[in-house]
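What follows draws every value from the coordinates through simple rules; no lab data is involved. This one's a predicted model, so the numbers in the text were calculated from it and none came from an experiment. Glycine gets a Cβ as well: all are built from the backbone with ideal geometry, and neighbour counts include every protein chain shown.
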Amino acid sequence: PPGTLCRTKPTDLVFIIDSSRSVRPHEFDKIKVFVSRVIEALDVGPNATRVGVVNYASAVRSEFSLQSHQSKAALLQAVRRIQPLSTGTMTGLAIQFAISRAFSAAEGGRGSAPNFKKVAIVVTDGRPQDGVQDVSARARAAGIEIFAIGVGRVDMGTLRQMASEPLDEHVDYVESYSVIEKLTHKFQEAFCVVSDLCATGDHDCEQVCVSTPGAYRCACRDGFSLNSDGRTCSACNGGLGSALDLVFLIDGSKSVRPENFELVKKFINQIVDSLEVSDQQAQVGLVQYSSSVRQEFPLGQFKSKKDIKAAVKKMSYMEKGTMTGQALKYLVDSSFSAINGARPGVPKVGIVFTDGRSQDYISDAAKKAKDAGFRMFAVGVGNAVEDELREIASEPVAEHYFYTADFRTISKIGKKLQMKICVEEDPCECKSIVKFQTKVEELISSLQQ
């Protein structure tokens with residue numbers, strides 16, 4: 001599909017694979033799978049990337065040259081036919097063969113053209129029976145970039161003698177052939193040169209293109225949602241701009257500490273930034289609690305994001321106990337009442353933030369909030385008790401409670417909450433974001449498998 005593979009720079013690529021007697025037949029099959037996976041990600045063709053394979057043990061055998069196969073399908077078929085030699089380990093001899101034959105013009109090499117890279121990937125599982133240092137230096141001097149992959153009991157010093165600089169990018173080790181496939185992604189990225197497909201115009205997004213390494217995704221401007229084709233956008237009404245009464249219930253106990261309380265304020269304003277604030281759309285209220293409960297401002301007092309954020313910044317820190325149960329009771333009895341600005345028929349959302357165990361009983365008030373139809377989110381930091389967070393959170397609990405050990409990471413929770421406080425009655429923009437995120441997560445999961 002468009003956007004899932006990057007373009008690869010035209011390359012002359014030669015695999016130099018060890019099939020000495022220490023490599024068992026089923027292990028050699030794993031090498032062939034690895035080679036095939038790398039080939040699958042390349043742009044193969046006579047004017048694009050060409051691939052050759054050199055098989056070695058005590059002797060060296062060219063399985064196919066750079067000019068033998070012009071299509072990906074033909075290459076993959078040829079790789080499947082390769083058989084192990086099952087003798088010694090003459091790695092130096094194999095590298096010399098690559099210099100003199102595999103990369104030569106007679107074999108399809110394009111070394112004289114400045115736009116073509118020459119790359120060798122050496123796969124070995126043992127100590128060579130000949131020298132590799134000098135011949136590898138000659139190969140690198142001839143412009144061949146060498147990647148060295150070692151398996152099992154391989155001699156790591158030998159790998160470093162073969163590989164190009166920087167060594168940490170060109171030397172890889174896996175404990176067995178059964179996991180060599182995990183290196184596939186590294187080499188797919190190594191050959192990818194068009195990583196910013198948006199900048200090159202190689203995309204079909206209607207409005208916004210967002211680059212990722214070797215791929216891209218489409219997005220839409222504010223006020224539009226991404227259609228199911230993943231490319232086009234539709235004008236959107238509602239979403240985060242729908243009617244919503246949102247109240248923050250913030251822990252101001254002394255354990256929070258002043259510097260962290262400032263981070264909490266930023267967390268609140270991060271959520272406020274995602275809302276459309278007005279009489280007809282989102283209203284925000286704020287309550288701080290410690291040993292007592294204090295309403296900082298009720299729903300509807302401020303009519304713009306700017307005013308709400310200014311009021312949040314001015315909020316002073318109470319710095320006493322942690323009476324979470326008392327605060328929840330206030331939320332139920334007062335915060336969402338008409339006298340404090342709540343609107344009948346408008347969805348009610350409560351976000352409870354705490355950093356420690358409550359000093360009073362929370363169960364009754366937590367249950368009452370959910371029974372009243374309020375959608376409750378619980379956010380815990382540091383010494384917060386996860387059982388209490390789950391008790392506060394609405395069903396499904398896993399989607400309504402969050403915990404982090406460090407105040408500095410609460411902005412990540414803020415981003416997740418921005419997604420989840422969407423109003424279900426008219427969730428055009430927000431629903432499309434969630435749908436797209438779910439699709440991307442499924443794709444990533446399948447790729448990892």
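Under a Cβ-only charge scheme (Lys and Arg +1, Asp and Glu -1), can you give me the dipole magnitude of segment 6-193 about the Cα centre, in debye to the nearest 20?
Taking the Cα centre of segment 6-193 as origin, the dipole is about 440 debye.
In Å, what Kirkwood hydrodynamic radius results for segment 244-422 from the alpha-carbon pair distances?
One over the average 1/r among Cα pairs gives 15.7 Å for segment 244-422.
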Inter-probe distance in nm under a simple model that places probes 7 Å from Cα toward Cβ, at Val179 and Asp360:
5.4
